[in-house]
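K.L.:
Handing you this structure, nothing more for now.
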Amino acid sequence: MHAPVNINLTELLGFDDYIPPYSTASGQEILRGVNFASAAAGIREETGRQLGGRITFSGQVENYQNTVSQVVELLGDEDTAANYLSRCIFSIGLGSNDYLNNYFMPQFYNTGNQYTPEQYADDLIQRYDQQLRVLYNYGARKVVLYGIGQIGCSPNELAQNSPDGRTCVDRINSANRIFNARLKNLVDQVNNQFNDARFIYIDSYGIFQDIISSPSSYGLPRFSDIIIILLLWLES
């Protein structure tokens with residue numbers, strides 16, 4: 001189910017194939033893009049640990065720093081590398097796992113008892129901010145940051161926490177809205193602080209609200225079709 005979505009996105013960006021993962025990318029291939037993502041990873045270090053091995057966001061940032069060193073070697077000097085990196089597009093979507101595989105999973109984590117939704121969002125954004133500034137210091141200028149979608153409407157949450165299997169779980173979506181508002185503010189802060197920064201916030205939550213409210217506009221006449229598309233987005 002992932003392949004058609006990923007192929008279409010990469011083709012729209014001008015790529016002939018998938019962007020190679022960090023674990024295999026090498027040599028000149030690096031200059032065509034690197035995928036640093038890791039399934040189940042989150043902003044917090046412990047997020048997703050019940051699912052096994054994963055590379056946390058801080059670990060992904062460290063891998064990016066290593067890649068920058070390789071870019072400098074490939075291009076010959078730091079100024080040329082900096083110019084190259086300033087023209088790259090960085091796409092980052094984090095936060096969903098920090099809720100589904102941390103905050104709202106009390107059998108494995110105690111963050112739900114430690115923090116109110118507001119406090120938890122503040123903690124995530126503070127950690128997010130720290131890593132984003134590292135990326136900026138290592139050349140990232142054009143950064144796309146995705147807000148959290150309506151994960152309270154995901155198939156797993158509908159099956160386990162919805163009263164009727166169709167109604168979205170509001171306590172989860174409500175917490176996501178708090179995080180998204182703070183992330184949007186963070187994007188504004190970074191852009192105001194750094195004149196050459198071009199950070200963009202994508203309102204994933206609003207996009208899916210529009211799909212759910214007007215499914216026929218997207219060729220989705222049935223509620224089940226909406227959930228299938230939602231699952232593809234959340235897992236991509």
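The values are calculated or read from the model by the stated rules, or taken from the named source; none is laboratory data. In this text the structure is predicted, and so the values were computed from the model without any measurement. Note that we place each Cβ from the backbone using ideal geometry, even for glycine, and neighbour counts take in every protein chain shown.
K.L.:
Please verify whether the stretch 194-202 includes one or more residues that are of a type in the set (D, E) and within 26 Å of G139 (Cα to Cα). Give the steps one after another, and end with the answer.
P.N.:
To start, the set of residues in the stretch 194-202 that are of a type in the set (D, E) comprises 196.
From what's left, within 26 Å of G139 (Cα to Cα): 196.
Looking for residues that are of a type in the set (D, E) and within 26 Å of G139 (Cα to Cα), one finds at least one in the stretch 194-202, hence yes.
K.L.:
While we're looking at this one, here's another question. Would you pick out the residues in the stretch 62-91 that are more than 20 Å from P20 (Cβ to Cβ) and without any contact (Cβ under 8 Å) to a residue 24 or more places away in the chain?
P.N.:
Taking the stretch 62-91 as the starting set, the residues that turn out to be more than 20 Å from P20 (Cβ to Cβ) are 76-80, 82-83, 86.
G76, D77, E78, D79, T80, N83, listed by residue number.
K.L.:
Ok, one more. Please go through the stretch 158-215 and pick out each residue that is modelled with pLDDT of 95 or more, outside any helix (DSSP H, G or I) and either among the hydrophobic types (A, V, I, L, M, F, W, C) or crowded, with 17+ Cβ neighbours inside 10 Å (or both).
P.N.:
Those that are modelled with pLDDT of 95 or more, outside any helix (DSSP H, G or I) and either among the hydrophobic types (A, V, I, L, M, F, W, C) or crowded, with 17+ Cβ neighbours inside 10 Å (or both): F194, A197, F199, I200, Y201, I202.
K.L.:
Considering only residues that are within 17 Å of the chain's Cα centre (by Cα), more than 15 Å from F90 (Cβ to Cβ) and either at pLDDT below 90 or part of a loop (DSSP other than H, G, I, E, B) (or both), which ones fall in the stretch 11-40?
P.N.:
Across the stretch 11-40, the qualifying residues are S38, A39, A40.
K.L.:
Now, a different point. Being exposed (fewer than 15 other Cβ atoms within 10 Å of the Cβ) and either assigned to a strand (DSSP E or B) or not hydroxyl-bearing (S, T, Y) (or both) is the filter here, so list the residues in the stretch 75-92 that pass it.
P.N.:
Within the stretch 75-92, the subset exposed (fewer than 15 other Cβ atoms within 10 Å of the Cβ) is 76-80, 83, 86-87, 89.
Residues satisfying the conditions are G76, D77, E78, D79, N83, R87, I89.
K.L.:
Condition first: in contact (Cβ under 8 Å) with a residue 60 or more places away in the chain and surrounded by fewer than 16 Cβ atoms within 10 Å (Cβ to Cβ). Now tell me which residues in the stretch 133-142 satisfy that.
P.N.:
Correct list: V134 only.
K.L.:
Name the pairs whose Cβ atoms lie under 8 Å apart, with the first residue in the stretch 46-61 and free of Cβ contacts under 8 Å to residues at least 24 places away in the same chain, the second among the basic types (K, R) and in a loop (DSSP other than H, G, I, E, B), and 6 or more positions between them or separate chains?
P.N.:
Filtered contacts from the stretch 46-61: T56/R44.
K.L.:
Further, regarding this structure: What is the one condition in (1) surrounded by fewer than 16 Cβ atoms within 10 Å (Cβ to Cβ); (2) under 30 Å from A159 (Cβ atoms); (3) at pLDDT 95 or above that M1 does not satisfy?
P.N.:
That leaves (3) as the condition not met.
K.L.:
Using the structure shown, decide if Q126 is at pLDDT 95 or above and surrounded by fewer than 21 Cβ atoms within 10 Å (Cβ to Cβ).
P.N.:
Details: at pLDDT 95 or above: yes; surrounded by fewer than 21 Cβ atoms within 10 Å (Cβ to Cβ): yes.
Spelling it out, Q126 is indeed at pLDDT 95 or above and surrounded by fewer than 21 Cβ atoms within 10 Å (Cβ to Cβ).
K.L.:
Restricting to the stretch 50-60, name every residue that is assigned to a helix (DSSP H, G or I) and surrounded by fewer than 18 Cβ atoms within 10 Å (Cβ to Cβ). Don't jump to the end; show me each part of the working.
P.N.:
Let us first name the residues in the stretch 50-60 that are assigned to a helix (DSSP H, G or I), namely 50-51, 57-60.
Hits for the stretch 50-60 are Q50, L51, S58, G59.
K.L.:
Considering every residue within the stretch 112-132, establish whether at least one is in a loop (DSSP other than H, G, I, E, B), out of contact with any strand residue (DSSP E or B) (no Cβ under 6 Å at 6 or more places or on another chain), touching a residue at least 60 places away in the same chain (Cβ under 8 Å) and not aliphatic (A, V, I, L, M). Talk me through it step by step, then tell me what you get.
P.N.:
Just the residues of the stretch 112-132 that are in a loop (DSSP other than H, G, I, E, B), to begin with: 115-116.
Narrowing the set further to residues that are out of contact with any strand residue (DSSP E or B) (no Cβ under 6 Å at 6 or more places or on another chain) leaves 115-116.
Next, only the ones that are touching a residue at least 60 places away in the same chain (Cβ under 8 Å) stay: none.
Checked the stretch 112-132: no residue is in a loop (DSSP other than H, G, I, E, B), out of contact with any strand residue (DSSP E or B) (no Cβ under 6 Å at 6 or more places or on another chain), touching a residue at least 60 places away in the same chain (Cβ under 8 Å) and not aliphatic (A, V, I, L, M).
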